[in-house]
Amino acid sequence: MNKTLIIGAGGVGNVVAFKCAMNGDTFGEITLASRTISKCDEIAASIKAKIGVEIFTAKVDADSVSELVSLIQQTQAKIVINVALPYQDLTIMDACIECGVDYLDTANYEHPDEAKFEYKLQWERDLKFKEANIMGLLGSGFDPGATNVFCAYAQKHYFDEIHTIDILDCNAGDHGYAFATNFNPEINLREVSAKGRYWENGAWIETAPMEIMQVWDYPEVGPKDSYLLYHEEMESLVKHIKGLKKIRFFMTFGASYLKHMEVLQNVGMLGIEPVEHKGMRIVPMEFLKTLLPDPASLGPRTKGKTNIGIFAKGLKDGKPRTIYIYQIKDHEECYAEVMSQGVSYTTGIPAMIGAKLMLEGKWRGKGVFNMEQMDPDAFMEELNTQGLPWKVMELEADEDRVVRV
Ligand code: NDP
């Protein structure tokens with residue numbers, strides 16, 4: 001029987017634990033471990049109550065390689081699914097190398113003291129993964145994750161060459177709060193307050209934060225203000241997609257979210273440098289996280305849909321072609337199934353699927369991989385049956401879905 005270790009018991013950890021338990025034939029004995037064990041116990045209790053499956057729980061500080069190594073040895077896990085924070089990626093990867101077990105994550109490594117993410121340090125571990133005869137799968141969430149697989153699927157089935165890709169992330173959900181983030185507030189706010197960046201003709205072009213806005217028309221959702229951000233999947237896609245000339249990433253934000261962000265930024269609440277406060281040193285962003293609603297608590301109050309996809313243009317048989325591959329998910333449906341809102345759901349399902357394909361031997365390799373390096377077909381089939389069915393829209397070659405620039 002397989003044994004599976006999940007690290008991180010936040011919104012995403014809840015979905016991964018639920019869905020691994022629902023796919024017990026593959027995942028076998030499941031342990032959910034995190035820094036605060038009471039959160040693991042709460043998730044384990046709701047899984048037991050809702051679907052009658054027992055999972056184990058454990059406490060671990062995932063910043064400590066030695067603690068991780070003893071936990072992996074104790075659980076005899078065959079794979080570690082890392083859904084803690086990006087700060088823990090390297091320690092968890094190193095523990096997997098030491099124990100000789102496979103690794104999967106959903107977010108690019110980031111150092112807590114610098115709001116910057118890149119694959120360099122994770123890709124550098126490729127040789128060690130090869131030497132340990134294990135596989136590491138990076139970025140198996142929705143974006144990165146399913147969006148990378150959509151690109152690989154487009155490359156395999158729809159194009160000879162893809163020239164431009166726009167990754168579109170629309171969350172049209174409403175949780176009723178004036179301001180809250182749908183995943184870890186610190187990671188989310190670091191990402192959206194950073195400078196924007198896109199890639200064209202071999203070079204990265206930097207923009208001011210939120211400088212570029214376009215109104216895109218999302219199927220089943222309608223037109224939404226969409227802002228250009230830098231997003232990690234672009235770093236690997238520019239290496240792996242044939243003939244690519246340009247790639248950008250857009251995310252939708254509502255007026256209230258942006259107004260709050262602007263004010264928080266102006267008063268210094270998004271700072272990641274410690275400040276002195278009544279004899280204590282506190283990091284403003286960490287304090288803000290304490291004040292904001294826990295993303296895991298948004299589940300019962302979020303209504304509306306997510307629509308995430310890739311809009312691609314290129315050539316097939318010498319003729320221009322344009323397609324949009326996308327997935328739409330209803331927040332309330334997610335809550336009914338696994339007691340979670342749509343952003344945690346759309347991240348957790350691809351994490352479970354990536355791990356499932358690795359355990360079943362359908363996605364195998366020695367070393368460290370990004371999602372688009374694997375054959376997309378098995379993953380796309382699993383999305384359809386595990387709760388995230390997708391569609392392909394074929395457009396006129398010169399058509400796009402931008403309503404206003
Ligand atoms: P949460 O903040 O809700 O949960 C993070 C969990 O990790 C918490 O249980 C936290 O423990 C635990 N944790 C943090 N530090 C440690 C540590 N040192 N040791 C052990 N456990 C630790 O985050 P989310 O569930 O919203 O997000 C999880 C991951 O998913 C993040 O990396 C995020 O960037 C990624 N993500 C990826 C997306 C994608 O599409 N690819 C989209 C959304 C998120 P504690 O409870 O004690 O704080």
query = How many angstrom separate the Cα center of the range 350-364 from the Cα center of the range 207-233?
reply = 31 Å
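In terms of the Cα gyration tensor, with a ≥ b ≥ c the square roots of its eigenvalues, is the chain rounded because a/c is under 1.5, prolate because a/b exceeds b/c, or oblate? Can you show the working numbers first?
Details: a/c = 1.42, a/b = 1.15, b/c = 1.23.
Here the chain falls in the rounded category.
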message = I need the shape label for the range 262-338. Rule: rounded when a/c is under 1.5, else prolate if a/b > b/c, else oblate, with a, b, c from the alpha carbon gyration tensor.
response = oblate
remark   = Here the range 261-273 yields Karplus 3J(HN,Hα) values (6.51, -1.76, 1.60; θ = phi - 60°; whole Hz; Gly and Pro given as x) of 4, 4, 5, 4, 5, 4, 8, x, 6, 9, x, 10, 8
inquiry  = Quick check on packing: order 295-306, 210-221 by the mean number of other C-beta atoms within 10 Å, highest mean leading.
reply    = 295-306, 210-221
request  = Quick one: pull the percent of accessible area on the range 75-215 belonging to carbon and sulfur, 1.4 Å probe, ligands and nucleic acids left out.
outcome  = 47 percent
message = Counting heavy atoms of the protein chains only and a 1.4 Å probe, report the per residue accessible area for the range 5-93 as a whole number of Å².
response = 38 Å²
Karplus 3J(HN,Hα) series, Hz, for the range 288-304 with 6.51 cos²θ - 1.76 cosθ + 1.60 (x for Gly, Pro) = 4, 4, 4, 7, 7, x, 5, x, 5, 8, 7, x, x, 10, 8, 10, x
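Rounding to the nearest 20 debye, state how big the charge dipole of the chain is about its Cα centre with +1 on each Lys and Arg Cβ and -1 on each Asp and Glu Cβ. Provide the component values of the computation, followed by the final result.
Values: 42 positive and 58 negative charges, 39 e Å.
So the dipole magnitude of the chain works out to roughly 180 debye.
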query = Any idea how far the Cα center of the range 268-327 sits from the one of the range 91-146, in Å?
reply = 20 Å
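Computed over the Cα atoms of the range 231-305, what is the ratio Rg over Rh, Rh following Kirkwood? Present the calculation step by step, with values, prior to reporting the outcome.
Numbers: Rg = 18.2 Å, Rh = 16.2 Å.
Taking Rg over the Kirkwood Rh, I get 1.12.
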remark   = Comparing Ile72, Ile205, Ile272 in a Gaussian network model of the chain (Cα, 10 Å), the one with the largest mean-square fluctuation is Ile205
key: the range 52-173: projected area of the alpha-carbon convex hull, averaged over directions, in nm²   = 11.4 nm²
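Can you give me the accessible area per residue for the range 299-405, using a 1.4 Å probe, in Å²?
Heavy-atom accessible area per residue stands at 40 Å².
Measuring with a 1.4 Å probe in the full set of protein chains, what accessible area per residue, in whole Å², belongs to the range 119-253? Before the final figure, lay out each step's value.
Values: 4770 Å² over 135 residues.
That works out to 35 Å² per residue.
Could you check how much of the accessible area of the range 235-294 is carbon and sulfur, as a whole percent, using a 1.4 Å probe? List each step's numbers first, then the result.
Details: 2040 of 3520 Å².
The C+S portion of the solvent-accessible surface of the range 235-294 is 58 percent.
If packing is taken as the mean number of other Cβ atoms within 10 Å per residue, what is the order of 343-353, 120-130, highest first?
Peptide ranking by packing, descending: 343-353, 120-130.
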task = May I ask which residue of Leu168, Ser64, Thr346 lies farthest towards the positive end of the charge dipole of the chain, with charges of +1 (Lys, Arg) and -1 (Asp, Glu) on Cβ and the Cα centre as origin?
result = Thr346
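The values are calculated or read from the model by the stated rules, or taken from the named source; none is laboratory data. Predicted model only: the values in this text are computed from it and were never measured. Glycine also receives a Cβ, built like all others from the backbone with ideal geometry; neighbour counts cover every protein chain displayed. Heads up: the accessible areas ignore ligands, DNA and RNA and are worked out on the full protein's heavy atoms, side chains in. Shrake-Rupley method; radii C 1.70, N 1.55, O 1.52, S 1.80 Å.
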